[in-house]
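Where a number appears in this text, it was derived from the coordinates with a stated rule and is not lab data. Nothing here was measured: the structure is a model prediction, and the numbers come from that model. Because the Cβ atoms are built from the backbone with ideal geometry, glycine has one as well, and the counts that use them run over all protein chains shown.
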Amino acid sequence: MQPNTYRTHHCNELRLAHVGETVTLSGWVNSARDQGGVIFVDLRDREGVTQIVFRSEENPEAAAASHKLRDEDVLQITGKVVKRLEGTNNDKLATGEVELVVSNLTMLNKAAVLPFQLDKELSNEDLRLKYRYLDLRRPRMTRNLRTRHRVTKATRDYLDAHGFVEVETPILSKSTPEGARDFLVPSRLSPGKFYALPQAPQQYKQLLMVAGLERYFQIAKCFRDEDLRADRQPEFTQVDIEMSFPTEEDIYNLVEGLLKDMFKAGRDVEIPLPFPRMTWKEAMDRYGIDKPDTRFGNEITDVGDVFTKTEFKIFRGVLDGGGVVRAINAKGFASVTTGQMNRLNEIAIQAGLPVKTLAFIKYENGEYKSPLWRFFTDEEKAALIERMKIEEGDIVFFVAGPWESTCTILGRVRLEVAEMMGTTKGSDALNFLWVVDFPLLAYSEEDAKWCAVHHPFTRPKTEDIALLEEGKYSEVRAIAYDVVLNGCELGGGSLRIHESDLQAKMFSVLGVSEEEQKIMFSHILEAFQFGAPPHGGLALGLDRIIMLAAGEDSIREVIAFPKNNRGMELMTASPSPADFKQLREIYIQSTWKEKKAEEQA
Ligand code: ASP
């Protein structure tokens with residue numbers, strides 16, 4: 001092999017043992033300092049930093065040139081490794097006991113004035129994204145990309161060791177009913193027709209099971225045209241898994257082992273197995289959400305039985321109408337400010353609270369303060385204090401109404417209070433959890449029809465199939481599971497329907513007519529008639545897992561070139577207009593007019 005002429009070592013390699021050697025390094029000027037006319041440069045490559053000294057007695061030309069060096073210039077340096085002078089060691093650097101005295105300097109590329117300093121945090125995320133290639137030079141971002149690599153590699157290694165075969169499925173594919181809006185791609189060769197980018201490779205992976213593959217996985221790009229949040233991107237990556245002849249236990253075991261390896265690779269922690277499990281119903285009852293954050297308490301408590309004889313009109317009406325009265329004790333939060341209270345009311349209203357303010361009782365300086373207190377009997381008060389374990393400094397929030405929305409509202413309030421109190425700040429707890437036994441169907445008031453809670457291929461529990469036949473849709477449970485970490489959904493999946501008639505039944509419950517079934521799903525319905533094995537799987541959100549492993553708050557920090565919160569990739573300025581000729585070739589004419597945009601603004 002020819003020796004590399006750019007470098008003999010990387011910038012995190014030289015130690016006292018190298019003293020006296022002549023070496024060559026290449027990298028970026030991390031910083032340059034003038035100390036009494038002598039220039040010291042910290043030369044950086046992806047591995048680390050080495051101090052370089054330009055001494056005019058060694059090479060006067062290089063020393064003269066060193067005065068013009070700028071941050072991020074790319075240099076090749078040849079020089080002699082020397083021990084640093086007594087008292088000038090830098091303990092923070094692995095190379096901190098030595099420096100390189102330059103005998104030759106080659107400027108490989110001169111850097112212009114930077115749009116921002118790389119050694120300072122920058123709050124303008126758009127600017128970071130516009131110059132992402134500079135942003136990615138920061139150690140934190142380099143570290144995140146390398147964490148991503150390690151986690152992805154651990155995933156492949158683990159699944160390979162368990163007999164899973166990686167298969168790529170089409171990106172130009174057919175619309176899949178995963179519940180979000182599709183990205184469409186017009187077809188030039190089939191005028192008027194469109195591909196859809198996959199929201200997930202759901203049907204392909206099921207068809208691979210029909211194909212007899214038995215164990216499939218893919219690090220799969222998925223596309224969903226949704227409004228964006230910190231943990232959402234229009235394109236994201238899933239670890240997509242499917243297996244034939246699985247029991248639920250097989251899937252739990254497989255995924256727990258996988259997550260253990262992913263977190264070991266990404267964060268060097270050992271996560272204890274197995275994960276606790278909780279039914280969806282229990283998660284809703286206790287935490288008011290299907291992805292509970294179990295790092296703290298303040299759980300939802302039913303107080304309906306405290307008020308069985310209540311004269312208080314609101315509670316009376318709700319209880320008589322089959323609803324519930326529930327509460328959470330926000331321990332130690334009686335000092336809530338008016339601003340925080342307003343925010344909590346807002347959140348409760350967004351979550352479905354039908355009135356303007358949350359009912360509460362606070363116990364402060366030995367006194368109960370509450371707009372409700374006077375409506376309660378002494379007996380009710382005593383029972384409530386005991387049930388909710390109310391102590392000095394506590395505030396209890398109440399909601400009365402239908403079960404699900406009551407739990408949801410209190411669940412949102414519980415999370416917001418924890419946020420306001422900084423309950424989990426700085427916590428390094430990793431509370432993994434399976435949420436199981438989701439409902440199969442949910443009624444959408446907006447669409448006036450039943451919708452799949454996961455997707456239409458999810459299997460109902462065997463003992464609940466009869467309920468499906470009887471039309472008791474709200475009672476049917478699915479063999480579906482989500483894996484949750486600290487209140488974040490890491491992924492989810494299900495055992496699938498593998499029988500053509502049950503699948504057709506499911507489609508009809510969802511309001512897909514026979515005609516539409518033929519057009520949209522004939523491939524899968526037909527495939528199920530040719531020997532489809534029982535199968536199931538799940539998909540994990542890879543970006544989110546890496547975000548949590550890397551200790552970041554946004555998935556954008558662990559994606560090399562993410563979109564901003566308006567779905568734009570600012571570095572290449574995409575999306576961008578297409579010219580008339582390009583559009584004509586694909587038979588597309590835009591109805592979008594700039595003027596319309598102005599009117600809408
Ligand atoms: N395809 C599903 C999703 O993307 C996951 C699964 O059921 O495997 O949510």
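For T294, T22, T462, the sequence from fewest to most other C-beta atoms within 10 Å is T462, T22, T294. At q = 0.13, 0.18, 0.22 Å⁻¹ the log10 of I(q)/I(0) for the range 189-290 amounts to -0.76, -1.24, -1.26, computed by Debye summation with a single uniform scatterer per C-alpha, solvent ignored. Legend: ranking of residues R412, R459 from fewest to most surrounding C-beta atoms inside 10 Å; resulting order R412, R459. Can you give the angle from 0 to 90° between the axis of helix 378-387 and the longest principal axis of the chain, with both taken from C-alpha atoms, to the nearest 10? Computed tilt is about 40 degrees. What translational diffusion coefficient, to the nearest whole µm²/s, does the range 488-601 have by Stokes-Einstein, given a Kirkwood radius computed over alpha-carbon pairs, a temperature of 4 °C and 1.567 mPa s viscosity? After rounding, the answer is 67 µm²/s. A straight chain from H523 to R46 at 0.36 nm per residue would run longer than the Cα-Cα distance by 166.8 nm. Calculated from the alpha-carbon coordinates, the range 407-480 shows an Rg and a Dmax of 17.2, 50 Å respectively.
Expressed in Å, the radius of gyration and Dmax of the Cα atoms of the range 498-539 are 10.8, 30. Residues in the range 392-401 carry Karplus couplings, in order, of 3, x, 8, 9, 10, 9, 10, 9, 10, x Hz; the curve used is 6.51 cos²θ - 1.76 cosθ + 1.60 with θ = phi - 60°, and Gly or Pro positions show x.
Between the range 64-103 and the range 165-224, how far is it from one alpha carbon centroid to the other, in angstrom? About 52 Å separates the Cα centre of the range 64-103 from the one of the range 165-224. Taking amide H as placed 1.01 Å from N in the peptide plane, V453 has its amide H under 5 Å from the amide H of L441, A442, each at least 5 places away in sequence or on another chain.
For the range 147-225, the fraction of C-alpha pairs more than 18 angstrom apart is 53%. The convex hull built on the alpha-carbon positions of the range 440-482 has an orientation-averaged projected area of 3.1 nm². Taking only the C-alpha atoms of the range 94-143, Rg followed by Dmax gives 14.8, 41 Å.
Per residue, the convex hull spanned by the Cα atoms of the chain measures out at 250 cubic angstrom. Compared with the dominant principal axis of the Cα atoms in the chain, helix 338-350 is inclined by about 70°. Counted over the chain, the DSSP beta bridges are approximately 95% antiparallel.
Just check the range 41-121 against the gyration tensor rule for me: Cα atoms, a ≥ b ≥ c as the square roots of the eigenvalues, rounded for a/c under 1.5, and otherwise prolate or oblate depending on whether a/b exceeds b/c. It is oblate, given that a/c is not under 1.5 and a/b is not larger than b/c.
With 0.36 nm allotted per residue and the present C-alpha distance subtracted, the N342-E248 stretch has 29.4 nm of extension available.
Diffusion coefficient of the range 333-419 by Stokes-Einstein, Kirkwood radius over Cα pairs, 20 °C, 1.002 mPa s: 158 µm²/s. For A111 and Q35, what is the calculated FRET efficiency with R₀ set at 22 Å and r taken between the beta-carbons, to the nearest 0.05? The pair A111/Q35 has a calculated efficiency of 0.50. Temperature 20 °C, viscosity 1.002 mPa s: under these conditions the Stokes-Einstein estimate for the range 368-425, based on its Kirkwood radius over C-alpha pairs, is 162 µm² per second. DSSP beta bridges in the range 459-601, what fraction antiparallel, as a percent rounded to 5? Taking every DSSP beta bridge with both residues in the range 459-601, the antiparallel ones total about 100 percent. With the convex hull drawn around the C-alpha atoms of the range 412-554, the volume per residue stands at 158 Å³.
Once divided by 2.2 N^0.38 Å, the Cα radius of gyration of the range 1-150 becomes 1.08.
Taken over the range 366-463, the convex hull of the Cα atoms encloses 225 Å³ per residue.
Backbone geometry of the range 414-421 corresponds, through the Karplus equation with coefficients 6.51, -1.76 and 1.60 at θ = phi - 60°, to 3J(HN,Hα) couplings of 4, 5, 5, 4, 4, 5, 4, 7 Hz, x marking Gly and Pro. Between the amide H of E21 and those of V81, distances stay under 5 Å, these residues lying 5 or more places away or on another chain, with hydrogens modeled in the peptide plane.
Computed from phi, the 3J(HN,Hα) profile of the range 88-100 under the Karplus parametrisation 6.51, -1.76, 1.60 (θ = phi - 60°) reads 10, 5, 10, 5, 6, 9, 5, 9, x, 8, 10, 8, 10 Hz, with x in place of Gly and Pro. Between the helical axis of 139-161 and the dominant principal axis of the chain, each derived from Cα atoms, what acute angle in degrees is found, rounded to the nearest 10? Compared with the principal axis, the helix lies near 60 degrees.
In the chain, helical runs assigned H by DSSP with n ≥ 4 each contribute -39500 (n - 2.57); averaged across all residues and rounded to the nearest 500, the mean residue ellipticity at 222 nm is -9000 deg cm²/dmol. Entry for the range 269-389 at q = 0.21 Å⁻¹: log10 I(q)/I(0) = -1.51, Debye formula applied to identical alpha-carbon scatterers, no solvent contribution. By the count of neighbouring beta-carbon atoms within 10 Å, fewest first, H454, H523 end up ordered H523, H454. Share of pairwise Cα-Cα distances greater than 14 Å in the range 298-362 is 67 percent (whole percent).
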